[in-house]
Amino acid sequence: MTGATDSVRVVVVWVPDFPVLACGAQDGEPVAVVHRGAVVACSASARAAGVRRHMRLPTAQARCSGLRVVERDLAAEVRLFEQVVHRVEAEVVPRLEVIRPGLLAAPARGAARYWGGEPQLSVRLVGAVAELGLPARAGIADSTFVAALAARRGDGVVVPADGNAAFLSPYPVGVLGVPRLAELLKQLGIRTVGDFARLPAGRVAERLGTEGIRAHRVARGGSARPVSVRTAVQDHTVQRLFEVAEEQLDAVVFVAVALADELHERLAAAGVVCGRVEAAVETADGRILTRIFRHEGRLSPRAVAERVRGVLAAWSETGLLDAGDGEPGIRRLTLRPDGIAPDTGSQGAFDGERDTPVEVERAAARVQAVLGHRAVARIIEVGGRGPGDRIRLVPVGDVPDDGAGAAGGPWQGLLPAPHPAAVYPVRRPARLTGADGAPVGVAGRLELSAEPAFLSVDGRRPAGVNGWAGPWPVLERWWARDGGRRVARMQVTTDDGHAWLLLVDRSRWWVEAHYG
C-alpha cells in the first residue's frame, strides 16, 4: 500500500459542539441547532436522547420532548470563534487556517520544534482554548482530514508520519464523505477504508471517476487533492481601495460581497479552484489584519462574504479596528486565493447546504449595486406570535446577526394554520360594531361586550359579519414596566366574501392580515 505523499504535518484543533456553545446553551440542557429544518449540531444530553446531526427537526423533537431548538446563527459562531483564533495565534502558532467555526488547522512541524514536540504542541493548543472556557481537542497527522479524525478520537492523538493509511484503515467507507460512493462500495462488499485503499488506483480511476480518485487518494494516506502551489502566471487576487477610509462595517461587507463574486468569476474563468481564501484588511493607520478561511471550492460568494462579515464584527468588538490616535477606518479590503488547483468538477455547497443559484446571486448583486444593499432581500423565518412577527427581510448576502428566537417556539398564543394570504406591514384601522352600532369591546376575561355584526376596514362601507373565532389573548413582556403588551386577536368573516385577522389593543380594533 502506498503511504502518504505529503511531507507537511498538520495539527487540527476541534471545539466539540461549537454551534451549541455559540448559542449560549447551559450545561446538561438538551439543545439542537437547526438550519433549514435539519439538525446541524446538538448537545450531549440531546444525543443521549437519540438526536443526531442531519436529522429532521420533527424527528428530533419526537425523540427528545424537552428539546430546545435554536436557529443557526453563523455570524455569531464566526464572532465567537474569532476569539479562539486570536488566542491561538497570539500564544501558540502564528499562522493558521479556519476550516469552519469550531475547527482550525495549522502547520505542525515548526510549532512542534518550538514547543518541544508534537505532544507538547497539542497540550499548548488545548490549554490556550481552555483559558477561554471552551473544551477542545487536538490531533496531528500528515493531512488535515486525518488530523481532524484524530482530534475527534481523543485529545492529543498523534498519527505517526506516513501513518495516515493505517489510521484510516478500520474506519467505514462513509467517513470519506462521499455518500454515493460509500453506498456503491458497500454494494460491492467493500466496507472499510482499508479495503478500498487496497484496490488498484488504475481500476478506481476507470470505474469511479474523479470523486473516486480523490477518495482513493485519501484512503491511501494522501490528501484529497495533490499539494497545490501558487501560480506565478496569473494572480487571482481581488481588492478594493477606498478613496476615503470607510468606518461603516456594513459598507465594507457590501464591498466584500462584490469582491467574493469577482473572485469566483476569475477562478471559474481560469478553470481552477482554491484551497484557502485569505481576507486582508488594511486600516487607515497602516495596520494589516488577516484571516485565512478553508475553501476547497465549496464556499459560495455569499458564504465568503458572511465569514468576512463575522471576522470584521469580531475585530470591531475586540478593539482591533480601533485607530487610537491615528486616522480611523478601513483603507483597503483584499481577498487572496491560495492553494490553486485545477477544477475537476462542481461540488456541493458548504456543509452540504443547497445555496442560492449563482445566476440569482449575480442578478441580486447587480440590482443592489444600483438601488442599494437593502433593495433585494430574502425572507427569514423567525420566532413570534403574530403573522407579521414570524418573518424578517434580510438583504441578500447578509445573515441575521441578532437573536430572533426559535421559529419553532414554543410561542404561547401562536396562531395555527391556515396562515393569512396577505400580512400588512402597517396595521390598518378597523371598526367592529354590534347590531346597535356600538363598538364591540373585549373584557379582561375575553368576553365580547356584544355579538359582532358589522366590520368596517379603513373607513370603508361596513360589511356584515357572518362568522368569527376568538378572541385569543396575547400577553408579551409582562415583567417589563415599559414595553409590555396585552392584546387579543380574532378571525372574522364577512358577507362580502372576505376573511380578516383582527387585533384589539386598548379598545381599538386593527386589521393585521387578510385571508382572502
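With respect to (1) open to solvent by less than 50 Å² (accessible area, probe 1.4 Å); (2) touching a residue at least 40 places away in the same chain (Cβ under 8 Å); (3) part of a loop (DSSP other than H, G, I, E, B); (4) over 30 Å from Ser43 (Cβ atoms), the lone exception for Ala165 is condition (3). Quick one: is Ala25 at pLDDT below 90, surrounded by 18 or more Cβ atoms within 10 Å (Cβ to Cβ) and of a type in the set (Gly, Ala, Ser)? Spelling it out, Ala25 is indeed at pLDDT below 90, surrounded by 18 or more Cβ atoms within 10 Å (Cβ to Cβ) and of a type in the set (Gly, Ala, Ser). Listed here are the helices (runs of 4 or more DSSP H) enclosed by region 18-77 that have at least 2 residues being under 21 Å from Pro101 (Cα atoms): 18-22, 44-48. Considering only residues in region 59-105 that are surrounded by 19 or more Cβ atoms within 10 Å (Cβ to Cβ) and more than 24 Å from the chain's Cα centre (by Cα), the one that is nearest to Leu132 (Cα to Cα) turns out to be Val92. Taken over region 269-292, the criterion of being of a type outside the set (D, E, K, R), within 19 Å of Val85 (Cα to Cα) and surrounded by fewer than 20 Cβ atoms within 10 Å (Cβ to Cβ) is satisfied by Ala280, Ile288, Leu289, Thr290. Looking at Gly397, Gly384, Gly388, just one residue is surrounded by 15 or more Cβ atoms within 10 Å (Cβ to Cβ), in a helix (DSSP H, G or I), among the small types (Gly, Ala, Ser) and at pLDDT below 70, and that residue is Gly388. Hey, any hits in region 500-516 for a residue that's closer than 18 Å to Pro418 by Cβ, modelled with pLDDT under 80 and within 46 Å of the chain's Cα centre (by Cα)? For region 500-516, residues closer than 18 Å to Pro418 by Cβ, modelled with pLDDT under 80 and within 46 Å of the chain's Cα centre (by Cα): present.
The conditions of being within 18 Å of the chain's Cα centre (by Cα), of a type in the set (Val, Ile, Thr) and either open to solvent by 20 Å² or more (accessible area, probe 1.4 Å) or closer than 27 Å to Glu89 by Cα (or both) are met by Val308. Annotation note: of Ala108, Ala136, the sole residue that is open to solvent by less than 70 Å² (accessible area, probe 1.4 Å) and under 30 Å from Cys23 (Cα atoms) is Ala136. Only one entry of Ala147, Ala128 meets the criterion of being touching a residue at least 24 places away in the same chain (Cβ under 8 Å), out of contact with any strand residue (DSSP E or B) (no Cβ under 8 Å at 6 or more places or on another chain) and open to solvent by less than 10 Å² (accessible area, probe 1.4 Å), and that entry is Ala128.
The values are calculated or read from the model by the stated rules, or taken from the named source; none is laboratory data. On a predicted model such as this, the values are computed, not experimentally measured, just so you know. Here Cβ is always computed from backbone atoms with ideal geometry, including for glycine, and neighbour counts include all displayed protein chains. Surface accessibility is based on the protein's heavy atoms, side chains included, excluding ligands, DNA and RNA. Shrake-Rupley method; radii C 1.70, N 1.55, O 1.52, S 1.80 Å.
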